[in-house]
Amino acid sequence: MYRDLNDYELISYVSEDNEEANNILFEKYKPLIIDRSKKLFKYCMNKGVELNDLVLEGMLGLNDAIVSFKDTKDVIFYTYALKCINSRIITFIIKSGRLKNKVLNDSIFLELNSQDESNNYGKNLVDNSYNPENVLLKEESVQEIMNIIDTVLSDFEREVINLKINGFKYKEIADITGKDIKSIDNCIQRCKSKIKEELDKF
């Protein structure tokens, strides 16, 4: 019976605690989750992460989508679910790739005259050429910046800047997020401008 229903009808039944409808939605989207997980798994190599970890995160992302989706004419469920799935997997990748205390030890966020990384697109977010007494980030400063990232940047900007902070290259970030390199460069420059603007208020 339920297998003939569309996503919106299934979600309606799920909201009534219908387990079968919920299972059908998960079966339907599982191939998509596995495919996305396989494409992104290469960025988790040598980090103690297994493919099943990404699949699980994707499943949790789908569950988030089912629970929080609001039926409007603006967004179809497939698009919304894909966004939730991707966001959950990317967040996991960021956490798995995090270099503990790297930001605290040797990162400077807001250099204004950075060198191109490749193809005239990439601007480094890390720079150790400044006088440490003047610009090396202390733990309190990093916390301030992290707070700014969490409150001022958009979801996409947070994903991109966190990937960059954790050592991913522009092409890798583009592949992970499904954007082109120029979009990633523009996003990072936008993030730096927003962060600097907020820091200037202190």
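The values are calculated or read from the model by the stated rules, or taken from the named source; none is laboratory data. Keep in mind that what you see is a predicted model, and the values were worked out from it rather than measured. Positions of Cβ are generated from backbone atoms using ideal geometry, with glycine treated the same way; all protein chains shown enter the neighbour counts.
Assorted remarks:
- Tally of residues being within 17 Å of the chain's Cα centre (by Cα) and within 17 Å of SER96 (Cα to Cα) across region 50-59: 6
- The sole residue among ASN113, ASN128, ASN134 that is out of contact with any helix residue (DSSP H, G or I) (no Cβ under 9 Å at 6 or more places or on another chain), at pLDDT below 80 and outside any helix (DSSP H, G or I) is ASN113.
- Scope region 3-20; condition surrounded by 13 or more Cβ atoms within 10 Å (Cβ to Cβ) and within 29 Å of the chain's Cα centre (by Cα); matching residues: ASP7, LEU10, ILE11, SER12, VAL14, SER15
- Of the residues examined, LYS100 is not one that is farther than 30 Å from LYS201 by Cβ, modelled with pLDDT under 90 and in a loop (DSSP other than H, G, I, E, B).
- The condition of being modelled with pLDDT under 90, β-branched (Val, Ile, Thr) and within 27 Å of LYS179 (Cα to Cα) does not hold for VAL55.
- Residue count for region 141-170, restricted to those that are surrounded by fewer than 20 Cβ atoms within 10 Å (Cβ to Cβ), in contact (Cβ under 8 Å) with a residue 24 or more places away in the chain and of a type in the set (Lys, Arg): 1
- Top-ranked residue of region 171-190 - restricted to ones that are closer than 20 Å to ILE145 by Cα and loosely packed, with under 15 Cβ neighbours inside 10 Å, ranked as modelled with the lowest pLDDT: GLN189
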